[in-house]
Amino acid sequence: MAGDEVDEAASGALCPTLRSQRTGEESFFDRGPGYARLSDGRPYAEVDRV
């Protein structure tokens, strides 16, 4: 991103790579690395799964 513009070519090239890395087990909402520590080890809340 340069200023307030998106590099559409770079974004389009990155999307297939990111899609191929998904397992389907990811939560919908990423609460960040501290959540597991605050929630007794759970990596996500049940409401974060779709």
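The values are calculated or read from the model by the stated rules, or taken from the named source; none is laboratory data. These numbers come from a predicted model, not from an experiment. Quick reminder, even Gly has a Cβ in these numbers, built from the backbone with ideal geometry, and neighbours come from all protein chains shown. Calculation scope for accessible area: heavy atoms of the full protein, side chains included, ligands and nucleic acids excluded. Shrake-Rupley method; radii C 1.70, N 1.55, O 1.52, S 1.80 Å.
Find, among the GluC sites (Glu not before Pro) in the chain, those assigned to loop by DSSP (not H, G, I, E, B) with at most 11 other beta-carbon atoms within 10 angstrom.
E25
For the chain, taking Cα atoms only, what is the radius of gyration to one decimal and the Dmax to the nearest whole Å?
Rg and Dmax of the chain, Cα atoms, are 15.3, 42 Å.
Run the numbers on the chain and let me know its relative contact order in percent, using alpha-carbon pairs under 8 Å that are six or more apart.
Worked out over the chain, it gives 29 percent.
Only loop residues by DSSP count here, and only those with at most 15 other Cβ atoms within 10 Å; note down the trypsin sites (Lys or Arg not before Pro) in the chain that meet that.
Here the trypsin sites (Lys or Arg not before Pro) that fit, given the DSSP loop and packing criteria, are R22, R31, R49.
Which chymotrypsin sites (Phe, Trp or Tyr not before Pro) in the chain sit in a loop by DSSP (not H, G, I, E or B) and have at most 13 other Cβ atoms within 10 Å of their own Cβ?
F28, F29
Heavy atoms only, probe 1.4 Å: what % of the accessible area of the chain goes to carbon and sulfur, would you let me know?
Roughly 54 percent of what the probe reaches on the chain is carbon or sulfur.
Where does helix 8-21 land angle-wise versus the long Cα axis of the chain, in degrees 0 to 90, nearest 10?
40
For the chain, what is the accessible area per residue in Å², given a 1.4 Å probe and the full set of protein chains?
92
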